[in-house]
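As structure tokens, the structure follows; a few thoughts come after it.
The values are calculated or read from the model by the stated rules, or taken from the named source; none is laboratory data. In this text the structure is predicted, and so the values were computed from the model without any measurement. Cβ: placed from backbone, ideal geometry, glycine included. Neighbour counts: every protein chain shown. Accessible surface areas use protein heavy atoms only, side chains included; no ligands, DNA or RNA. Shrake-Rupley method; radii C 1.70, N 1.55, O 1.52, S 1.80 Å.
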Amino acid sequence: MIKLQNRGINAASVTYDGGDVLAAFSKAYKIGYPMLSDQGSNVIRAFGILNTNIPNDHPFMQGIPWPGEYLVAPDGTVLDKVFVPSYEFRRTASEIVLRNFGAGVGDNSVSIQTGAFTAAISLSSDRCFPGQELGVILDIHMNPGWHIYGKPLPEYYRAVELQFSGDLVGNQRMDFPEPKTKLMPALDETLSVYEEHLRASGTLGIRWSPPMPAPFLKPLAKTIAPGKHKVIGTLRFQACSETACEPPDEIAVELPLSINEGVPPPPKAT
Amino acid sequence: MDPKERGEILNDIARKMGAGGAGINTASWLKFVDAQNDGYRTGPAIGARIPAFELPDHNGVTRALSNLTGTNGLLLVFSRSAAW
């Protein structure tokens, strides 16, 4: 939230709840943004995101939206939006900042130094709830004369990749920029390379963990205990210069990640 | 997903949840999650304008984009309910 505010972005939520429900929720969880009451779901309808799968006569699910969020400019233009197929999984504010404002990471960062490059792997936060998604940035500054490989690439070379592992890791993806193609005179081959600076960005989804011990949810996820955890990031690459080509290599680093305590169910409005 | 089947899944699980959760298993829960968001739509496209709106906030104050936005914009989050 603070990261958003520092970028001049406010936040607000919209639900179909009445003002009394929202007032109780806001107070109980010390919510720092306006919670808007769309009783009757007319604004949800105007946005075209009323969940039309819910049967008309459903006592409380009728009127909910498809779960998602918009980043809008002050004039109402949609800058970005995220809709998710399941309401359990949500992006973190830190990822939205990272995605839309690039730099300014460094909250949770680890660097790697080799003879060929200096790299930094950054997560958009060092804490989150189970089921949230973090932003990832990989920055690699090549030493002069060195390059690493990208895709497409013959199979006997290794393209750069970053992969996360560990108990917390759910889905993940990394998007690499288009590499340059370069003719290697000594090899008489044209290969996909990154020289000078490479910045790749992506997401790391933390596995969802049932917030309450409902027996039917148990097989879905091993419960993630709140507290300090680690995720392992493995950078795979092959570095070559004009005169030397190193074998494929990999370096694993640890990034700390604290899993927040689950939240209790919302209070009943009085 | 067939709308009739979807409705039956939604009603069946919601009824069982109301009765304390007995009879729900992992497979039926996952079907329930799928049924809720099957074919979901995402509203105004990136680059389009959102519809104008005026809504009361949790303090009863009427809010619109103009008095919600920061200098660079607003993150507007749509969620199901603060009650369940």
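Here is a yes/no grid of residues against (1) under 16 Å from A:Arg45 (Cα atoms); (2) open to solvent by 30 Å² or more (accessible area, probe 1.4 Å):
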| position | (1), (2) |
| --- | --- |
| B:Ile46 | no, yes |
| B:Pro51 | yes, yes |
| B:Leu55 | yes, no |
| B:Ser79 | yes, yes |
| B:Ala82 | no, no |
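Which one is nearest to A:Ala73 (Cα to Cα), of the residues in the stretch A:1-46 that are within 8 Å of chain B (Cβ to nearest Cβ), among the small types (Gly, Ala, Ser) and in contact with a Leu (Cβ under 8 Å, 6 or more places away or on another chain)?
Step by step, filter the stretch A:1-46, then rank; the result is A:Ala11.
Is it the case that B:Ala19 is closer than 23 Å to A:Pro59 by Cβ and more than 8 Å from chain A (Cβ to nearest Cβ)?
So B:Ala19 fits the description; yes.
Six or more apart or on different chains, Cβ atoms under 6 Å: show the pairs whose first residue is in the stretch A:59-82 and more than 7 Å from every other protein chain (Cβ to nearest Cβ) and in contact (Cβ under 8 Å) with a residue 24 or more places away in the chain and whose second is open to solvent by 10 Å² or more (accessible area, probe 1.4 Å) and outside any strand (DSSP E or B).
A:Gly63/A:Tyr16
Looking only at residues in the stretch A:124-164 that are open to solvent by 50 Å² or more (accessible area, probe 1.4 Å) and under 16 Å from the mean Cα position of the chain (by Cα), which one is modelled with the highest pLDDT?
Filtering first and then ranking leaves A:Gln163.
Test A:Phe117 against the criterion of being closer than 21 Å to A:Glu246 by Cβ, open to solvent by 50 Å² or more (accessible area, probe 1.4 Å) and of a type in the set (A, V, I, L, M, F, W, C), and give yes or no.
In short, no.
Return the total of residues in the stretch B:32-56 being facing chain A (nearest Cβ under 8 Å) and either in contact (Cβ under 8 Å) with a residue 60 or more places away in the chain or hydrophobic (A, V, I, L, M, F, W, C) (or both).
9
For the stretch B:57-77, give me the residue count where each residue is farther than 21 Å from A:Phe83 by Cα, open to solvent by less than 60 Å² (accessible area, probe 1.4 Å), at the interface with chain A (Cβ under 7 Å from one of its Cβ atoms) and not charged (D, E, K, R).
Residues of the stretch B:57-77 farther than 21 Å from A:Phe83 by Cα: B:57-64, B:66-68, B:70-72.
Among the residues that remain, those that are also open to solvent by less than 60 Å² (accessible area, probe 1.4 Å) are: B:57-58, B:60, B:63-64, B:68, B:70.
Cutting the leftovers down to at the interface with chain A (Cβ under 7 Å from one of its Cβ atoms) gives us B:57-58, B:60, B:63, B:68, B:70.
Narrowing further to those that are not charged (D, E, K, R): B:58, B:60, B:68, B:70.
Summing the residues that are farther than 21 Å from A:Phe83 by Cα, open to solvent by less than 60 Å² (accessible area, probe 1.4 Å), at the interface with chain A (Cβ under 7 Å from one of its Cβ atoms) and not charged (D, E, K, R) in the stretch B:57-77 gives 4.
So, B:Trp29, is that one under 30 Å from A:Lys3 (Cβ atoms), aromatic (Phe, Trp, Tyr) and either within 7 Å of chain A (Cβ to nearest Cβ) or in a loop (DSSP other than H, G, I, E, B) (or both) or not?
no
Being modelled with pLDDT under 90 and part of a strand (DSSP E or B) is the filter here; which residues of the stretch B:44-81 pass it?
If the condition is that a residue be modelled with pLDDT under 90 and part of a strand (DSSP E or B), then no residue fits.
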